[in-house]
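The block underneath contains the structure these notes are about, expressed in C-alpha coordinates.
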Amino acid sequence: MPVEFIGYIGNHNASETIARSGPIIDRDHIAAAAAIHENGGFDRVLLAFHSTSPESILVAQHVTQRTRHLKLMIAHRPGFTAPTLAARQLATLDHLSDGRIAVHIITGGNDQELAQDGDHLTKDERYARTSEYLDIVRQEWTSAKPFDYEGKFYRVTGAFSEVKPQGPDGIPIYFGGSSDAALAVAGKHADIYALWGETLAQVGETIRRVRAAAAPHGRSPRFSLSLRPILADTEEEAWAKAGRILDRAKALRAGGERLIKGNTPTHQPANEGSRRLLAAAAQGARLDKRLWTEIAALTGASGNSTSLVGTPHQVAEAMLDYYDLGVSTFLIRGFDPLEDAFHYGRDLIPRVRALVAERDNGVRHVEAAE
(Lines give C-alpha, C1' and ligand atoms only; values in the text may rest on other atoms or scores of the structure.)
Protein backbone atom coordinates (compact mmCIF):
# COMPACT_ATOMS: atom_id res chain seq x y z
CA MET A 1 0.00 0.00 0.00
CA PRO A 2 1.26 3.54 -0.63
CA VAL A 3 3.11 5.25 2.20
CA GLU A 4 2.55 8.91 3.10
CA PHE A 5 4.80 11.30 5.01
CA ILE A 6 3.51 14.24 7.00
CA GLY A 7 5.77 16.94 8.39
CA TYR A 8 5.07 19.80 10.75
CA ILE A 9 5.02 23.56 10.30
CA GLY A 10 4.97 25.48 13.54
CA ASN A 11 4.05 29.12 13.83
CA HIS A 12 7.60 29.83 15.01
CA ASN A 13 10.83 27.95 15.59
CA ALA A 14 10.53 26.13 18.91
CA SER A 15 10.59 22.67 20.40
CA GLU A 16 11.39 20.86 23.63
CA THR A 17 15.02 21.86 23.06
CA ILE A 18 14.64 25.29 21.44
CA ALA A 19 13.18 28.19 23.39
CA ARG A 20 10.72 30.28 21.40
CA SER A 21 11.86 33.72 20.35
CA GLY A 22 10.55 36.34 17.97
CA PRO A 23 6.94 36.89 16.90
CA ILE A 24 4.17 34.45 17.71
CA ILE A 25 3.55 34.17 13.95
CA ASP A 26 6.98 34.07 12.35
CA ARG A 27 6.28 34.30 8.63
CA ASP A 28 9.93 33.75 7.71
CA HIS A 29 9.99 30.51 9.68
CA ILE A 30 6.71 29.35 8.15
CA ALA A 31 7.99 30.10 4.64
CA ALA A 32 11.27 28.29 5.28
CA ALA A 33 9.51 25.26 6.76
CA ALA A 34 7.06 25.11 3.86
CA ALA A 35 9.89 25.19 1.31
CA ILE A 36 11.95 22.52 3.11
CA HIS A 37 9.00 20.16 3.35
CA GLU A 38 7.83 20.68 -0.22
CA ASN A 39 11.33 20.24 -1.63
CA GLY A 40 12.04 17.30 0.68
CA GLY A 41 9.33 15.03 -0.65
CA PHE A 42 6.83 15.27 2.20
CA ASP A 43 3.25 14.62 1.15
CA ARG A 44 1.61 16.86 3.77
CA VAL A 45 2.35 19.07 6.73
CA LEU A 46 0.45 19.39 9.99
CA LEU A 47 -0.78 22.78 11.16
CA ALA A 48 -1.41 22.38 14.89
CA PHE A 49 -4.17 23.73 17.11
CA HIS A 50 -4.22 24.86 20.73
CA SER A 51 -6.60 27.06 22.69
CA THR A 52 -3.97 29.82 22.89
CA SER A 53 -2.33 29.48 19.47
CA PRO A 54 -2.83 31.23 16.12
CA GLU A 55 -5.80 29.87 14.20
CA SER A 56 -4.82 26.80 12.18
CA ILE A 57 -7.10 27.31 9.16
CA LEU A 58 -5.80 30.84 8.60
CA VAL A 59 -2.16 29.74 8.90
CA ALA A 60 -2.93 26.90 6.50
CA GLN A 61 -4.29 29.36 3.96
CA HIS A 62 -1.01 31.27 4.17
CA VAL A 63 0.98 28.06 3.60
CA THR A 64 -1.08 27.16 0.53
CA GLN A 65 -0.07 30.49 -0.98
CA ARG A 66 3.63 29.74 -0.40
CA THR A 67 3.57 26.23 -1.93
CA ARG A 68 2.45 24.53 -5.13
CA HIS A 69 2.13 20.81 -4.41
CA LEU A 70 2.49 20.32 -0.67
CA LYS A 71 -0.71 19.10 0.96
CA LEU A 72 -1.90 20.16 4.39
CA MET A 73 -3.43 18.50 7.43
CA ILE A 74 -5.23 21.15 9.45
CA ALA A 75 -5.79 20.38 13.13
CA HIS A 76 -9.33 21.40 14.01
CA ARG A 77 -11.27 21.17 17.26
CA PRO A 78 -15.04 20.59 17.02
CA GLY A 79 -17.37 22.54 19.22
CA PHE A 80 -16.31 26.15 18.71
CA THR A 81 -17.32 26.71 15.09
CA ALA A 82 -20.72 25.68 13.74
CA PRO A 83 -20.20 22.45 11.78
CA THR A 84 -21.98 23.89 8.75
CA LEU A 85 -19.60 26.85 8.68
CA ALA A 86 -16.51 24.72 9.31
CA ALA A 87 -17.49 22.45 6.41
CA ARG A 88 -17.75 25.46 4.09
CA GLN A 89 -14.49 26.97 5.35
CA LEU A 90 -12.59 23.76 4.66
CA ALA A 91 -14.27 23.17 1.31
CA THR A 92 -13.51 26.73 0.27
CA LEU A 93 -9.83 26.33 1.14
CA ASP A 94 -9.85 22.99 -0.65
CA HIS A 95 -10.87 24.81 -3.83
CA LEU A 96 -8.40 27.66 -3.35
CA SER A 97 -5.57 25.14 -2.85
CA ASP A 98 -6.56 22.83 -5.73
CA GLY A 99 -7.60 19.98 -3.47
CA ARG A 100 -4.67 19.94 -1.03
CA ILE A 101 -6.62 20.02 2.24
CA ALA A 102 -7.17 17.39 4.92
CA VAL A 103 -8.52 17.95 8.42
CA HIS A 104 -7.25 16.42 11.65
CA ILE A 105 -10.05 16.26 14.21
CA ILE A 106 -8.77 16.71 17.78
CA THR A 107 -11.54 16.54 20.33
CA GLY A 108 -9.19 17.34 23.21
CA GLY A 109 -8.39 15.58 26.46
CA ASN A 110 -7.11 18.42 28.62
CA ASP A 111 -10.02 19.93 30.58
CA GLN A 112 -8.00 22.99 31.61
CA GLU A 113 -7.11 23.87 28.03
CA LEU A 114 -10.66 23.36 26.82
CA ALA A 115 -11.98 25.61 29.58
CA GLN A 116 -9.86 28.42 28.09
CA ASP A 117 -12.24 28.36 25.14
CA GLY A 118 -15.30 28.01 27.33
CA ASP A 119 -15.83 24.27 26.91
CA HIS A 120 -16.84 22.49 30.13
CA LEU A 121 -18.29 19.25 28.77
CA THR A 122 -17.00 15.90 29.99
CA LYS A 123 -14.68 13.96 27.71
CA ASP A 124 -17.39 11.46 26.71
CA GLU A 125 -19.75 14.35 25.97
CA ARG A 126 -17.10 15.99 23.81
CA TYR A 127 -16.69 12.85 21.73
CA ALA A 128 -20.46 12.51 21.36
CA ARG A 129 -20.54 16.12 20.16
CA THR A 130 -17.68 15.40 17.74
CA SER A 131 -19.64 12.54 16.20
CA GLU A 132 -22.64 14.81 15.58
CA TYR A 133 -20.32 17.53 14.27
CA LEU A 134 -18.81 15.18 11.71
CA ASP A 135 -22.24 13.84 10.73
CA ILE A 136 -23.18 17.37 9.71
CA VAL A 137 -19.83 18.22 8.12
CA ARG A 138 -19.99 15.16 5.88
CA GLN A 139 -23.57 15.95 4.84
CA GLU A 140 -22.57 19.53 4.02
CA TRP A 141 -19.82 18.12 1.80
CA THR A 142 -21.99 15.53 0.04
CA SER A 143 -25.69 16.37 0.16
CA ALA A 144 -27.19 17.40 -3.16
CA LYS A 145 -30.18 19.01 -1.45
CA PRO A 146 -30.92 20.75 1.86
CA PHE A 147 -31.01 18.47 4.89
CA ASP A 148 -32.19 18.54 8.49
CA TYR A 149 -30.29 17.16 11.45
CA GLU A 150 -31.32 16.87 15.06
CA GLY A 151 -29.01 15.58 17.77
CA LYS A 152 -28.23 16.28 21.38
CA PHE A 153 -25.68 19.00 20.60
CA TYR A 154 -26.66 20.27 17.13
CA ARG A 155 -29.87 20.94 15.27
CA VAL A 156 -29.92 22.35 11.75
CA THR A 157 -32.83 22.87 9.40
CA GLY A 158 -32.47 23.08 5.65
CA ALA A 159 -28.66 23.02 5.83
CA PHE A 160 -26.86 23.08 2.49
CA SER A 161 -23.48 24.07 1.09
CA GLU A 162 -22.98 25.26 -2.45
CA VAL A 163 -19.24 24.65 -2.14
CA LYS A 164 -18.25 20.98 -2.03
CA PRO A 165 -14.74 19.52 -1.74
CA GLN A 166 -12.98 19.68 -5.06
CA GLY A 167 -11.56 16.16 -5.26
CA PRO A 168 -13.68 13.06 -5.91
CA ASP A 169 -12.62 11.57 -2.58
CA GLY A 170 -13.54 14.69 -0.65
CA ILE A 171 -11.50 16.07 2.24
CA PRO A 172 -9.74 13.30 4.21
CA ILE A 173 -10.58 13.19 7.91
CA TYR A 174 -7.74 12.27 10.23
CA PHE A 175 -8.80 11.48 13.76
CA GLY A 176 -6.98 11.00 17.07
CA GLY A 177 -8.02 9.74 20.48
CA SER A 178 -7.42 6.51 22.38
CA SER A 179 -10.29 6.27 24.85
CA ASP A 180 -13.26 3.95 24.27
CA ALA A 181 -15.41 6.98 23.44
CA ALA A 182 -12.83 8.17 20.91
CA LEU A 183 -12.52 4.79 19.22
CA ALA A 184 -16.29 4.63 18.72
CA VAL A 185 -16.18 7.96 16.86
CA ALA A 186 -13.09 6.90 14.92
CA GLY A 187 -14.84 3.76 13.73
CA LYS A 188 -17.69 5.82 12.32
CA HIS A 189 -15.81 8.78 10.89
CA ALA A 190 -12.02 8.41 10.56
CA ASP A 191 -10.51 8.02 7.10
CA ILE A 192 -7.09 7.89 8.75
CA TYR A 193 -6.71 7.09 12.45
CA ALA A 194 -3.70 8.80 14.06
CA LEU A 195 -1.59 7.22 16.81
CA TRP A 196 1.38 8.52 18.74
CA GLY A 197 4.64 6.58 18.65
CA GLU A 198 3.81 3.64 20.87
CA THR A 199 5.40 0.20 21.04
CA LEU A 200 4.69 -2.32 18.32
CA ALA A 201 2.44 -4.27 20.68
CA GLN A 202 0.44 -1.17 21.61
CA VAL A 203 0.07 -0.08 17.99
CA GLY A 204 -1.05 -3.54 16.91
CA GLU A 205 -3.64 -3.62 19.69
CA THR A 206 -5.04 -0.19 18.76
CA ILE A 207 -5.23 -1.03 15.06
CA ARG A 208 -7.26 -4.12 15.89
CA ARG A 209 -9.61 -2.10 18.11
CA VAL A 210 -10.14 0.62 15.51
CA ARG A 211 -10.80 -1.91 12.77
CA ALA A 212 -13.35 -3.63 15.01
CA ALA A 213 -15.06 -0.28 15.69
CA ALA A 214 -15.13 0.54 11.97
CA ALA A 215 -16.43 -2.82 10.77
CA PRO A 216 -20.11 -2.25 11.72
CA HIS A 217 -20.02 0.92 9.58
CA GLY A 218 -18.51 -0.92 6.62
CA ARG A 219 -15.39 1.22 6.81
CA SER A 220 -11.65 0.43 6.54
CA PRO A 221 -9.61 3.36 7.90
CA ARG A 222 -5.91 3.77 7.26
CA PHE A 223 -3.45 4.40 10.08
CA SER A 224 -0.93 7.13 10.84
CA LEU A 225 1.90 7.03 13.39
CA SER A 226 3.62 10.11 14.87
CA LEU A 227 7.33 9.95 15.69
CA ARG A 228 10.35 12.17 16.37
CA PRO A 229 13.18 10.40 14.48
CA ILE A 230 16.76 11.05 15.65
CA LEU A 231 19.30 10.35 12.92
CA ALA A 232 23.10 10.19 12.71
CA ASP A 233 25.75 8.50 10.59
CA THR A 234 26.26 5.72 13.13
CA GLU A 235 24.03 4.17 15.77
CA GLU A 236 26.42 5.25 18.52
CA GLU A 237 26.31 8.86 17.31
CA ALA A 238 22.51 8.75 17.11
CA TRP A 239 22.16 7.64 20.75
CA ALA A 240 24.67 10.27 21.81
CA LYS A 241 22.56 12.84 19.95
CA ALA A 242 19.47 11.60 21.80
CA GLY A 243 21.32 12.11 25.07
CA ARG A 244 22.16 15.70 24.14
CA ILE A 245 18.53 16.34 23.20
CA LEU A 246 17.42 15.07 26.60
CA ASP A 247 19.99 17.24 28.38
CA ARG A 248 18.86 20.36 26.52
CA ALA A 249 15.20 19.61 27.21
CA LYS A 250 15.93 19.17 30.91
CA ALA A 251 17.94 22.40 31.00
CA LEU A 252 15.16 24.41 29.36
CA ARG A 253 12.53 23.01 31.69
CA ALA A 254 14.75 23.72 34.68
CA GLY A 255 15.12 27.26 33.39
CA GLY A 256 11.38 27.76 33.44
CA GLU A 257 10.71 27.50 29.72
CA ARG A 258 7.16 26.33 29.06
CA LEU A 259 7.76 24.64 25.74
CA ILE A 260 5.07 21.99 25.64
CA LYS A 261 1.47 22.77 26.27
CA GLY A 262 -0.60 20.49 28.43
CA ASN A 263 0.26 18.36 31.41
CA THR A 264 3.58 18.20 33.24
CA PRO A 265 5.08 15.01 34.67
CA THR A 266 3.78 15.95 38.13
CA HIS A 267 0.17 15.51 36.97
CA GLN A 268 -1.50 12.37 35.71
CA PRO A 269 -2.61 13.27 32.18
CA ALA A 270 -6.32 13.25 31.51
CA ASN A 271 -6.10 11.88 27.98
CA GLU A 272 -5.67 8.20 27.26
CA GLY A 273 -3.03 8.76 24.58
CA SER A 274 -0.62 10.37 27.03
CA ARG A 275 -1.26 7.67 29.59
CA ARG A 276 -0.42 5.02 27.01
CA LEU A 277 2.87 6.74 26.13
CA LEU A 278 3.77 7.01 29.81
CA ALA A 279 2.95 3.34 30.27
CA ALA A 280 5.39 2.56 27.50
CA ALA A 281 8.02 4.85 29.05
CA ALA A 282 7.58 3.00 32.36
CA GLN A 283 8.77 -0.16 30.60
CA GLY A 284 12.13 1.42 29.84
CA ALA A 285 13.98 4.14 27.96
CA ARG A 286 14.61 1.93 24.91
CA LEU A 287 11.90 -0.41 23.65
CA ASP A 288 11.48 -2.70 20.65
CA LYS A 289 14.31 -2.16 18.16
CA ARG A 290 15.00 1.53 18.82
CA LEU A 291 11.96 3.29 20.30
CA TRP A 292 13.19 5.96 22.75
CA THR A 293 10.80 7.17 25.46
CA GLU A 294 12.76 9.56 27.70
CA ILE A 295 11.35 12.80 26.27
CA ALA A 296 7.83 11.42 26.78
CA ALA A 297 8.69 10.60 30.39
CA LEU A 298 10.22 14.05 30.92
CA THR A 299 7.30 16.02 29.47
CA GLY A 300 4.40 13.94 30.73
CA ALA A 301 3.79 12.71 27.17
CA SER A 302 1.70 15.78 26.42
CA GLY A 303 2.20 15.33 22.69
CA ASN A 304 4.15 13.49 20.01
CA SER A 305 7.26 12.75 22.08
CA THR A 306 8.75 9.32 21.33
CA SER A 307 11.58 8.74 18.89
CA LEU A 308 13.18 6.12 16.71
CA VAL A 309 16.95 6.46 17.08
CA GLY A 310 19.65 5.24 14.69
CA THR A 311 21.11 5.65 11.25
CA PRO A 312 18.65 6.57 8.50
CA HIS A 313 18.58 2.97 7.32
CA GLN A 314 18.06 1.59 10.84
CA VAL A 315 15.21 4.00 11.53
CA ALA A 316 13.65 3.21 8.13
CA GLU A 317 13.74 -0.50 8.96
CA ALA A 318 12.09 0.18 12.32
CA MET A 319 9.38 2.18 10.57
CA LEU A 320 8.81 -0.77 8.25
CA ASP A 321 7.85 -2.87 11.29
CA TYR A 322 4.98 -0.45 11.88
CA TYR A 323 4.12 -0.55 8.19
CA ASP A 324 3.80 -4.32 8.46
CA LEU A 325 1.23 -3.80 11.23
CA GLY A 326 -0.88 -1.62 8.94
CA VAL A 327 0.56 1.89 9.34
CA SER A 328 0.73 3.64 5.97
CA THR A 329 1.27 7.25 7.10
CA PHE A 330 4.14 8.59 9.22
CA LEU A 331 3.98 12.01 10.82
CA ILE A 332 7.60 12.90 11.55
CA ARG A 333 9.01 16.06 13.08
CA GLY A 334 12.29 16.82 14.76
CA PHE A 335 13.59 18.59 17.82
CA ASP A 336 15.34 21.03 15.47
CA PRO A 337 12.34 21.68 13.20
CA LEU A 338 14.03 23.04 10.06
CA GLU A 339 17.31 21.11 10.07
CA ASP A 340 15.65 17.82 10.94
CA ALA A 341 12.97 18.23 8.27
CA PHE A 342 15.76 18.72 5.71
CA HIS A 343 17.53 15.55 6.82
CA TYR A 344 14.31 13.55 6.85
CA GLY A 345 13.65 14.55 3.26
CA ARG A 346 17.20 13.80 2.14
CA ASP A 347 18.05 10.70 4.17
CA LEU A 348 14.99 9.02 5.68
CA ILE A 349 11.95 9.36 3.44
CA PRO A 350 13.64 7.92 0.31
CA ARG A 351 14.87 4.91 2.32
CA VAL A 352 11.43 4.15 3.75
CA ARG A 353 9.83 4.46 0.33
CA ALA A 354 12.45 2.12 -1.14
CA LEU A 355 11.97 -0.48 1.62
CA VAL A 356 8.18 -0.32 1.21
CA ALA A 357 8.52 -0.78 -2.55
CA GLU A 358 10.82 -3.77 -2.02
CA ARG A 359 8.42 -5.29 0.50
CA ASP A 360 5.38 -4.79 -1.71
CA ASN A 361 7.15 -6.08 -4.82
CA GLY A 362 8.27 -9.13 -2.88
CA VAL A 363 4.72 -9.85 -1.76
CA ARG A 364 3.44 -9.51 -5.31
CA HIS A 365 6.16 -11.83 -6.62
CA VAL A 366 5.25 -14.44 -4.02
CA GLU A 367 1.55 -14.15 -4.87
CA ALA A 368 2.33 -14.48 -8.57
CA ALA A 369 4.46 -17.57 -7.94
CA GLU A 370 1.70 -19.16 -5.87
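Please report the net charge: other residues with Cβ closer than 13 Å to the Cβ of Phe153, K and R +1, D and E -1. Within the 13 Å Cβ shell, the charges total -2. Around the amide H of Gly334, modelled in the peptide plane, lie the amide H atoms of Ala341, all under 5 Å away and 5 or more residues distant in sequence or on another chain. Computed from point charges on the beta carbon alone (+1 for Lys and Arg, -1 for Asp and Glu), the dipole magnitude for the chain about its Cα centre is near 380 Debye. D by Stokes-Einstein for the chain, Kirkwood Rh over Cα pairs, 4 °C, 1.567 mPa s: 61 µm²/s. Taking the average, over residues, of other Cβ atoms within 10 Å as the packing measure, peptides 299-309, 244-254 rank 299-309, 244-254 from highest down. A simple charge model with +1 on the Cβ of Lys and Arg, -1 on the Cβ of Asp and Glu and nothing else charged puts the dipole of the stretch 92-203 at about 220 debye relative to its Cα centre.
A quarter of the convex hull surface defined by the alpha-carbon atoms of the stretch 1-109 gives 8.0 nm² as the mean projection. Distant-in-sequence amide contacts of Arg222, defined by a placed amide H-H separation under 5 Å and a gap of 5 or more residues or a different chain, comprise Ile192, Tyr193.
The loop-placed trypsin sites (Lys or Arg not before Pro) in the stretch 1-96, going by DSSP, that have at most 16 neighbouring Cβ atoms within 10 Å of their Cβ come out as Arg20, Arg68.
Annotation: amide H of Glu4 within the under-5 Å range of Thr329, Phe330, sequence separation 5 or more or interchain, hydrogens built in the peptide plane. If only the Cβ of Lys and Arg carry +1 and only the Cβ of Asp and Glu carry -1, the dipole of the stretch 61-100 around its Cα centre is close to 120 debye. Only one residue of Pro221, Ala48, Tyr8 has its Cα farthest out toward the positive end of the dipole of the chain, where Lys and Arg carry +1 and Asp and Glu -1 on Cβ, and that residue is Ala48. Heavy-atom surface analysis with a 1.4 Å probe gives the stretch 24-160 a carbon and sulfur content of 48 percent of its accessible area. Residue by residue through the stretch 159-164, which ³J(HN,Hα) values in whole Hz follow from phi under the Karplus form 6.51 cos²θ - 1.76 cosθ + 1.60 (θ = phi - 60°), with glycine and proline marked x? Running phi through 6.51 cos²θ - 1.76 cosθ + 1.60 with θ = phi - 60° gives 5, 6, 10, 6, 9, 10 Hz. The residues of the stretch 138-293 expose on average 50 square angstrom of accessible surface per residue, using a 1.4 Å probe on protein heavy atoms.
The values are calculated or read from the model by the stated rules, or taken from the named source; none is laboratory data. All figures in this text were calculated on a predicted structure; none of them were measured in a lab. As a convention, Cβ positions derive from the backbone with ideal geometry for all residues, glycine included, and neighbour counts pool all protein chains shown. SASA here: full protein model, heavy atoms, side chains in, ligands and nucleic acids out. Shrake-Rupley method; radii C 1.70, N 1.55, O 1.52, S 1.80 Å.
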